[in-house]
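These notes concern the structure reproduced below.
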Amino acid sequence: MVFKYNSVVPWGRNYGEYLSMFDLREHRLKILGCGDGPASFNEEYTRKGGTVVSVDPLYHLSAEKIRQRIEETREDILRQTEQNRELFVWDRIRSVEELGKIRMAAMNIFLSSYEEGRKNKRYIPASLPDLPFEDDEFDLALSSHFLFLYTDNLSYEFHKRALTEMLRVAKEARIFPLLDFNAKKSSYVEKVLSDFGNHRIEIRKVDYEFQISGNELMVIRKA
Ligand SMILES: C[S@@+](CC[C@H](N)C(=O)[O-])C[C@H]1O[C@@H](n2cnc3c(N)ncnc32)[C@H](O)[C@@H]1O
């Protein structure tokens with residue numbers, strides 16, 4: 001079996017997962033989350049006194065509509081995960097059932113704080129490759145489970161423009177994972193290493209691996 005998604009699906013990870021995936025140790029950074037969707041990172045980081053703005057086309061919708069979209073896609077994601085169990089490391093998350101509970105807990109934190117966060121401009125409806133921000137407004141721009149993951153759906157040209165834009169508005173960009181959703185290294189990784197060769201790029205091993213071999217983070221800093 002292979003995973004097949006016709007569009008980018010709403011699915012949310014939590015604060016602890018973001019810290020590990022992105023190797024975040026510094027809490028005073030001003031962060032932009034690109035494609036954060038219904039993740040709870042924004043709300044949890046804000047509660048801890050951090051500054052973060054998330055952009056996602058999903059934020060055009062009300063909380064109720066986002067909840068409906070999650071309900072519509074959740075069973076399919078979990079069913080495809082069950083059918084492709086061998087692509088994942090089942091140590092910290094021990095079963096598909098537990099995965100569903102962890103993801104729903106994160107998405108419920110997001111949903112219950114979303115309308116307030118939208119008023120406070122922490123959730124902004126926008127889509128890569130265009131970001132409605134000034135140059136260097138952020139310390140760090142993150143992409144979790146969006147760039148590289150949807151290699152089957154999004155062109156290399158889109159990736160290049162998206163990363164260029166993230167590096168316009170932030171001093172540094174971090175992308176996790178480097179795999180597509182069938183746990184194969186994205187064919188775009190080598191192209192990015194070559195096209196962004198005038199930046200400081202590092203591929204860093206991190207203490208997070210759910211997709212097998214998905215424990216690498218790409219860090220790109222302006223030269
Ligand atoms: C699989 S979810 C990942 C959510 C979150 N980053 C996480 O890791 O838990 C992918 C997200 O990308 C968003 N997305 C789709 N197209 C986008 C675009 N052009 N720019 C930014 N985000 C986009 C989707 O709406 C969805 O919320």
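No value in this document is a laboratory result; all are computed from the given coordinates. Note that this is a predicted model, so its numbers are computed, not measured. Note that each Cβ is placed from the backbone with ideal geometry, even for glycine, and that neighbours are counted across all protein chains shown.
Which numbered condition trips up PRO38, out of (1) on the phi < 0 side of the Ramachandran plot; (2) in contact with a strand residue (DSSP E or B) (Cβ under 9 Å, 6 or more places away or on another chain); (3) not in a helix (DSSP H, G or I)?
The single condition PRO38 does not satisfy is (2).
Which of the residues spanning the range 58-71 are within 13 Å of the ligand (Cβ to nearest atom) and without any contact (Cβ under 8 Å) to a residue 12 or more places away in the chain?
Result: LEU61, LYS65.
Out of the range 16-31, which residues are within 11 Å of the ligand (Cβ to nearest atom) and in contact with a Leu (Cβ under 9 Å, 6 or more places away or on another chain)?
TYR18, MET21, PHE22
Out of ARG74, ARG13, report the one residue that is more than 8 Å from the ligand (Cβ to nearest atom), of a type in the set (Lys, Arg) and surrounded by 15 or more Cβ atoms within 10 Å (Cβ to Cβ).
Only one candidate qualifies: ARG74.
Give the range 185-214 a look and list any residue that's more than 18 Å from ALA162 (Cβ to Cβ), in contact with a helix residue (DSSP H, G or I) (Cβ under 9 Å, 6 or more places away or on another chain) and of a type in the set (S, T, N, Q), or say none.
Hit for the range 185-214 is GLN211, nothing else.
If you take the residues of the range 42-57 that are buried (at least 18 other Cβ atoms within 10 Å of the Cβ) and free of Cβ contacts under 8 Å to residues at least 60 places away in the same chain, which of them is nearest to the ligand (Cβ to nearest atom)?
By that ranking, first place goes to TYR45.
Select, from PHE181, PHE196, the only residue that is surrounded by 16 or more Cβ atoms within 10 Å (Cβ to Cβ), among the aromatic types (Phe, Trp, Tyr) and within 12 Å of the ligand (Cβ to nearest atom).
PHE181
How about the range 111-136: which of its residues are part of a helix (DSSP H, G or I), more than 16 Å from the ligand (Cβ to nearest atom) and touching a helix residue (DSSP H, G or I) at 6+ places or on another chain (Cβ under 7 Å)?
Matches in the range 111-136: GLU115 only.
Could you list, in sequence order, the residues of the range 137-167 that are crowded, with 18+ Cβ neighbours inside 10 Å, within 14 Å of the ligand (Cβ to nearest atom) and part of a helix (DSSP H, G or I)?
Within the range 137-167, HIS159, ALA162, LEU163, GLU165, MET166 qualify.
Inspect all residues belonging to the range 168-178 and state whether any of them is free of Cβ contacts under 8 Å to residues at least 60 places away in the same chain, more than 18 Å from ASP23 (Cα to Cα) and in a loop (DSSP other than H, G, I, E, B).
The answer is no; no qualifying residue exists.
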